[in-house]
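The values are calculated or read from the model by the stated rules, or taken from the named source; none is laboratory data. In this text, all values refer to a predicted model and were calculated from it rather than measured experimentally. So basically every Cβ, Gly included, is an ideal-geometry build from the backbone, and we count neighbours across all protein chains shown.
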Amino acid sequence: MSTVLAEPINLGDVLLYEEENFYYSRDEITIAAPEVIAIGQVLGQIIESGEYAALDFTATDGSENAAAIAVRNINAALSAVETVGITRHAIVKADGLVWPAEMTTQAHELAIAQLKANGILVRR
């Protein structure tokens, strides 16, 4: 009987390139509660608090605009969590990103353009 092992998703499944000094591509960010974020999740920044949340096209608090990519799984279900996110000058794999389930083609293209404006290129 064979055993099949599956490796969990890691940053290499998401990130193709970041500045050699990865501190340039990444910033310390805070994930707002209550959020549970997956590695590769596209994030929006809440204007009032400056915290980040999963991209939500129906929101009106700033989190409807793509601003960053999560570099690890984060459980902020009970309280906000400080972490690091990719916020600029990086290339990410399109199929490694986690998007909202209710995404339209137009919203997807807009979010990719917003990431590009931050220097985060999405490659297929």
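Taken over the stretch 70-118, the criterion of being free of Cβ contacts under 8 Å to residues at least 12 places away in the same chain and small (Gly, Ala, Ser) is satisfied by Ala101, Ala113, Ala117. The condition of being in contact with a helix residue (DSSP H, G or I) (Cβ under 8 Å, 6 or more places away or on another chain), closer than 21 Å to Ala107 by Cα and surrounded by fewer than 20 Cβ atoms within 10 Å (Cβ to Cβ) holds for only one of Gly96, Gly40, Gly62, that being Gly96. Looking only at residues of the stretch 43-59 that are crowded, with 16+ Cβ neighbours inside 10 Å and within 11 Å of Ala33 (Cβ to Cβ), we find that the one that is nearest to the chain's Cα centre (by Cα) is Ala53. Within the stretch 99-108, being surrounded by fewer than 11 Cβ atoms within 10 Å (Cβ to Cβ) and either touching a Lys or Arg at 6+ places or on another chain (Cβ under 8 Å) or among the small types (Gly, Ala, Ser) (or both) holds for one residue alone: Ala101.
Every residue, every condition in (1) more than 13 Å from Trp99 (Cα to Cα); (2) in contact with a His (Cβ under 7 Å, 6 or more places away or on another chain); (3) modelled with pLDDT of 95 or more; (4) among the charged types (D, E, K, R), yes or no:
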site	(1), (2), (3), (4)
Ile9	yes, no, no, no
Phe22	yes, no, no, no
Leu43	no, no, yes, no
Glu48	yes, no, yes, yes
Ala53	no, no, yes, no
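Kindly indicate the residue of the stretch 65-85 that is small (Gly, Ala, Ser) and closer than 12 Å to Thr30 by Cα and also surrounded by the most Cβ atoms within 10 Å (Cβ to Cβ) among those meeting that condition. Residue satisfying both the conditions and the ranking: Ala70. Restricting the stretch 1-25 to residues that are under 15 Å from Val71 (Cα atoms) and of a type in the set (Asp, Glu) leaves a set whose member that is surrounded by the fewest Cβ atoms within 10 Å (Cβ to Cβ) is Glu19. The single condition among (1) exposed (fewer than 13 other Cβ atoms within 10 Å of the Cβ); (2) within 13 Å of the chain's Cα centre (by Cα); (3) over 15 Å from Ile120 (Cα atoms) that Thr30 does not satisfy is (1). Here Arg88 fulfils each of the conditions (1) basic (Lys, Arg); (2) more than 22 Å from Ile9 (Cα to Cα); (3) surrounded by 14 or more Cβ atoms within 10 Å (Cβ to Cβ) apart from (2). Taking the stated definitions as given, is Ala113 aliphatic (A, V, I, L, M) and either part of a loop (DSSP other than H, G, I, E, B) or surrounded by 13 or more Cβ atoms within 10 Å (Cβ to Cβ) (or both)? Judged against the criteria, Ala113 is not a match.
When Glu28, Glu48, Glu19 are screened for being free of Cβ contacts under 8 Å to residues at least 40 places away in the same chain, among the charged types (D, E, K, R) and more than 19 Å from His108 (Cβ to Cβ), only Glu48 passes.
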